[in-house]
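**Student:** I have a structure here, written as structure tokens, and I will follow up with some questions on it.
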Amino acid sequence: MSPITTFLGSDHRLLDALLSRASEGDDAYEAFRRGLLKHIGMEEVILIPAAKKISGRAVALALKVRLDHGALTALLIPTPTRNILDAIHTILAPHNLLEENKGGLYMSCEAALGDEAAEVLRALERAPEIPPAAH
């Protein structure tokens, strides 16, 4: 796997583990919520724009990924319920594959980034947390 796919894929695994514990209490859910917002921010603010800037065109799958991100962030606003957690999981499972699989978002971005991929990875590693709004 490429370095960006490895880095962001590892974050997917961490978020999956937090989501599986989210119903255990507020701390696990809030860690998941903060982590997911940071992850979405890394993709929306750093990765996708950098690939577009360097290649001069939108990256394949960017629109679908952004639609998923919008749905996920909307689900993070209300107080979590079992139905909300199930909906998040239902979106995330195929979403993560769309990003990580061969020909997915991450590979498309890395191909577009070329020699700049290492610098973008460093920016992803330094990405700040995005504080969530209150429920």
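The values are calculated or read from the model by the stated rules, or taken from the named source; none is laboratory data. If you're wondering where the values come from, they're calculated on a predicted model, not measured in any experiment. Counting neighbours? That spans all protein chains shown, and the Cβs are built from the backbone with ideal geometry, glycine included. These accessible areas exclude ligands, DNA and RNA; they are computed on the full protein's heavy atoms, side chains included. Shrake-Rupley method; radii C 1.70, N 1.55, O 1.52, S 1.80 Å.
**Student:** If Met1, Met107, Met42 are ordered by their accessible area, calculated over protein heavy atoms with a 1.4 Å probe, which sequence runs from highest to lowest?
**Tutor:** These residues rank, largest area first, as Met1, Met107, Met42.
**Student:** At a 1.4 Å probe, what is the % contribution of carbon and sulfur to the accessible area of the chain?
**Tutor:** 60
**Student:** Shape of region 72-135 from its Cα gyration tensor (a ≥ b ≥ c, root eigenvalues): rounded if a/c is under 1.5, otherwise prolate when a/b > b/c, or oblate?
**Tutor:** Taking the square roots of the gyration eigenvalues as a ≥ b ≥ c, region 72-135 is oblate.
**Student:** Related question: Please report the net charge: other residues with Cβ closer than 12 Å to the Cβ of Asp27, K and R +1, D and E -1.
**Tutor:** Surrounding charge for Asp27 is 0.
**Student:** Springs between alpha-carbon pairs under 10 angstrom, Gaussian network model over the chain: which of Asp16, Asp68, Asp86 fluctuates most?
**Tutor:** Asp86
**Student:** Hey, rough spin-label estimate for Ala127 and Leu97, points 7 angstrom out along Cα→Cβ, what's it come to in nanometres?
**Tutor:** If labels sit at Ala127 and Leu97, their model points lie 2.2 nm apart.
**Student:** Rounded to the nearest 500, what is the 222 nm mean residue ellipticity of the chain from helices alone, with -39500 (n - 2.57) per DSSP H run of 4+ residues and division by all residues?
**Tutor:** Helix contribution divided over all residues of the chain: -22000 deg cm²/dmol.
**Student:** Could you give the dipole magnitude of the chain about its Cα centre, charging the beta-carbon of Lys and Arg +1 and that of Asp and Glu -1, in debye to the nearest 20?
**Tutor:** 320
**Student:** So how much accessible area does Val120 have, in Å² to the nearest 10, using a 1.4 Å probe?
**Tutor:** 10
**Student:** Need one value: the accessible area of His135 in square angstrom, 1.4 angstrom probe, rounded to the nearest 10.
**Tutor:** For His135, the solvent-accessible surface is approximately 100 Å².
**Student:** Also: Ignoring everything but the protein chains, give the 1.4 Å probe accessible area of Glu30 in square angstrom, nearest 10.
**Tutor:** 50
**Student:** Find the accessible area per residue for region 56-135; the probe is 1.4 Å, ligands and nucleic acids are left out, and the unit is Å². Please list the in-between numbers first.
**Tutor:** Details: 4580 Å² over 80 residues.
With the other protein chains kept in place, region 56-135 gives 57 Å² per residue.
**Student:** Right, another one. Have a look at Thr6, Leu47, Ile88 and report the one farthest towards the positive end of the charge dipole of the chain, computed about the Cα centre with Cβ charges (Lys/Arg +1, Asp/Glu -1).
**Tutor:** Of the options given, the answer is Leu47.
**Student:** Give me the distance in nm between label points sitting 7 Å out from Cα along the Cα-to-Cβ direction at His89 and Glu116, one decimal.
**Tutor:** Between His89 and Glu116, the simple spin-label model gives 3.9 nm.
**Student:** Next question. State, to one decimal in nm², a quarter of the convex hull surface area for the C-alpha atoms of region 1-112, i.e. the direction-averaged projected area.
**Tutor:** The number I arrive at for region 1-112 is 6.4 nm².
**Student:** Sticking with this one: On a full-extension model of 0.36 nm per residue, what is the gain between Ala74 and Lys52, subtracting their alpha-carbon distance, rounded to one decimal in nm?
**Tutor:** So the extension gain works out to 5.4 nm.
**Student:** Among residues other than Asn96 whose Cβ falls under 11 Å from its Cβ, what is the net charge (Lys/Arg +1, Asp/Glu -1)?
**Tutor:** Its environment carries a net charge of -4.
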